[in-house]
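Data block below; observations after.
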Amino acid sequence: MNHGIAIKTKILADTSITSIIGARLYPLRVPELSPFPCLTYQTVSNVPYNSKTNFKGYKARVQINVFTNTYKSCVDLSKLIVDCLADVKAETIGTLFVHSIRLENTNDQEEDFANGDGLVHNILEFFIDYNR
């Protein structure tokens, strides 16, 4: 299991989130014609830590993109994701041992689509320390 799948597993196990998005959590991008709200996740960086004893730990930076049709719903859904992921300490998610997950940054975006339909987009960035 990689860190992206671990994040997906953790988010989809949270019923406060899945009651809003269902299973609409995608790697990298939203499939064409997918309904909103939905989420995407992607790895920004994944830095290995090696030692003389060959222990391999990693620090990954993962971006979660929150897409909704209103600013309030985007803020509310983003808060649920932060509550789910931020400050995780020493937890096995699937087969991956996660030492910690920390919120690093948030950023609001607005996406303009054809036909005047607006889309609110919030970017959440997390650091994940883990080993395999």
request  = Return one whole number: the accessible area per residue of region 3-132 in Å², for a 1.4 Å probe.
outcome  = 56
task = For region 48-111, calculate the relative contact order in percent as a whole number, restricting contacts to Cα pairs under 8 Å that are 6 or more residues apart.
result = 17
request  = Would you mind checking the pairs K8/K89; K8/K56; K52/K89; K59/K89; K10/K89 and listing those with alpha carbons more than 19 angstrom apart?
outcome  = K8/K56; K52/K89
message = Probe radius 1.4 Å, ligands and nucleic acids ignored: give me the carbon and sulfur share of the accessible area of region 1-43 as a rounded percent.
response = 58
request  = Arrange the residues T9, T40, T92 by how much accessible surface each exposes, largest first, with a 1.4 angstrom probe.
outcome  = T92, T9, T40
query = In a shell of Cβ-Cβ distance under 14 Å around A60, excluding A60 itself, what net charge do Lys and Arg (+1) and Asp and Glu (-1) give?
reply = +4
remark   = Under the helix-only model (-39500 (n - 2.57) for each DSSP H run of 4 or more, divided by the residues of the chain), the mean residue ellipticity at 222 nm, to 500 deg cm²/dmol, is -7500 deg cm²/dmol
note = Along principal axes, largest first, the alpha-carbon spread of the chain in whole Å comes out as 58, 26, 23
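The values are calculated or read from the model by the stated rules, or taken from the named source; none is laboratory data. Everything numeric in this text was worked out from a predicted model, so none of it was measured. Methodologically, a virtual Cβ is constructed for each residue, glycine included, from the backbone with ideal geometry; neighbour enumeration extends over all protein chains shown. Protein only, heavy atoms only, side chains kept; ligands, DNA and RNA dropped before computing areas. Shrake-Rupley method; radii C 1.70, N 1.55, O 1.52, S 1.80 Å.
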